[in-house]
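> Take a look at the following structure, please.
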Amino acid sequence: MKKSIIKLMPIGGQAENGKSMYCLEIDDNWFIIDAGYRFPEVDKLGVDVIIPNFDYLKDNKDKIKAIFITHGHDDVMGALPYLLQEVNVPIYTTDLTADLIDQLLQRYMRHSHVSYKYKIKRVNMNATIKVAGVEVDFFPITHSIPGSVGLAFLTDYGYIVYSSEFIIDFGAPERFRCNIQKMMEIGKKGVLALLCESSYSKNDGYTSPNHKLTAKIESIFEDASGRIIISSYAQNAFRTQEIAQLAKKYNRKICFYGRDKYDNTNSLMRIAKNKKKPILDIHPACIGDNNDIQKNKDNDKLVVLLSGGPRRIYHDILDIIDGGDDKLKLQDSDTFIVASPVLPGTEKIANRAINELYKTDTHIHVLKNKELQSMHASEEDIKVLIQILNPKYFVPIKGEYQHFIAASDVAKKMNINDDHIAIVDNGEMITFKDGKLQSYRDSITIEDVMIDGLGIGDVGVKVIDDRNQLQNDGVVIIGMTIDGKTREIVANTDVQTRGFIYLKDSENIVKGIMNIAETELESYKNKTEEDIRDVRQNIKDKVNKYIIKETGKRPVILPVIIEL
């Protein structure tokens, strides 16, 4: 029998929230598992999302056989439009996720004015397929969107199992239900390594039923006399179904008011129209007409679900408060429930929106983050998965280092030895040879790639630093005009500032800036070997030192020299 060499390298997803992407090598056949993005930190001004760096994959793209996407969330599929421009191989996924990917790619190509072909292979949630000679088993898991699956890759020494994001909830609705039987079959055949999500591993007990929204808001539905408006993230379809069922119970119609037509709620409703089986258990008779939102009549019979992405949803709330929404105007009789937890990178806009809500006369209910647990595996969920699969090795994935340590402690409680647990960073490669984890690790440097509008990777640290400087200390523009031949100054030097200091109170500082710039230009007349670019840099450096000394501030300094 051939001795398999198996390698695993995280491209993203380790020691961070989101941006999941893993490269699995089995006998020189490479498989990419998930390809997501994450939101930037607050200090990454102007950056929309952050994706993994694909250089390592581009250099080896001839070895890559397939991409597997486990569910329809941006943190596992959002980077596909960028990845497929570099590595265009078939995408294997379930039916609903395939529809969401197709919409994502079509929208990206339309907006970015690029075009490329792609191949999506739709797979049954319980399927067993072969790709490049490797058997791959899909198994349904319980997560916040239907069609979520885990993956098991068969090797000569057992399966490599990728848990994706999951919880154990035996009472989950049909479309969200896991297949314990399929997992047990995989476990009986033998599991070499379990790649297990870790982001909730510090939580005691099971995540279920704490992930459910109904118990937390039903009393609000009972007491509400007017219209109910509730904010919920579009990607949490499980929560969308709960809200719809509550609306039905209290004889209200639900209006799906995702102001972004591309958000997941709108996408799911569009996709559902072309499906024989419903995606969510919502009867068409329970869905209200969005045109009724602006009518005063029968408002007490409506639930307005304001859905959207983690950033967009709070901008939408602010717009509604300010009266910028033509259809949805807040009324004194409204009950507004904020059921969209504050995620990393959205703290500033979320807090502003919530503060503004409290200034209105509507009845406000803000659910705290600890009340809104996402559908990720807590300690007991992880224990159940380990018990079912009985892996030889345990690799915590998807989380921060503190979560990896906590997940490792859970694995130890399940009798997995410390030397059979591997904590891996992005760019670190672990190797299994003859079914044993090797002690050595290869590694490569993988940097984040920032997406700013249509720009891919053209926003670097220097650009971000400049944006932070502009935000904190403003800008100083120094305008000068010289004769191109004699290099003499032929017009008055002009200094303009924005967000720096109030000019009337700081004439001495402006004069100091002018003197430095003019002195530097005077010396330029006699230095024929010096380039005008050197002069600009010298002015910038000296003015910067002067301003720091006089004010303690560090504005962006832009010397502009015009040659006539």
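The values are calculated or read from the model by the stated rules, or taken from the named source; none is laboratory data. Please read these numbers as outputs of a predicted model, since none were measured by experiment. Please note: Cβ atoms are built from the backbone with ideal geometry, for glycine as well, and neighbour counts cover all protein chains shown.
> Which residues, counting only those in region 389-405, are crowded, with 21+ Cβ neighbours inside 10 Å and in a helix (DSSP H, G or I)?
Within region 389-405, Leu389, His403, Phe404 qualify.
> Moving on to the next point. Which ranges mark the helices (runs of 4 or more DSSP H) fully within region 12-98 that have 2 or more residues being of a type in the set (D, E, K, R)?
The helices (runs of 4 or more DSSP H) meeting that bar are 55-59, 74-77.
> Another question, then. Would you please name the residue that is modelled with the lowest pLDDT, looking only at residues in region 458-490 that are under 25 Å from Asn515 (Cβ atoms) and polar (S, T, N, Q)?
Among those residues, the one meeting the criterion is Gln469.
> Moving on to the next point. Which is out of contact with any helix residue (DSSP H, G or I) (no Cβ under 7 Å at 6 or more places or on another chain), under 21 Å from Leu194 (Cβ atoms), hydrophobic (A, V, I, L, M, F, W, C) and surrounded by fewer than 20 Cβ atoms within 10 Å (Cβ to Cβ), of Ile33, Ile5, Ile26?
Ile5
> Give region 294-318 a look and list any residue that's of a type in the set (D, E, K, R), more than 25 Å from Arg252 (Cα to Cα) and without any contact (Cβ under 8 Å) to a residue 60 or more places away in the chain, or say none.
Residue satisfying the conditions is Arg312 alone.
> Among the residues of region 229-253, what is the count of those that are touching a Leu at 6+ places or on another chain (Cβ under 7 Å) and under 22 Å from Ile321 (Cβ atoms)?
Within region 229-253, residues that are touching a Leu at 6+ places or on another chain (Cβ under 7 Å) and under 22 Å from Ile321 (Cβ atoms) number 5.
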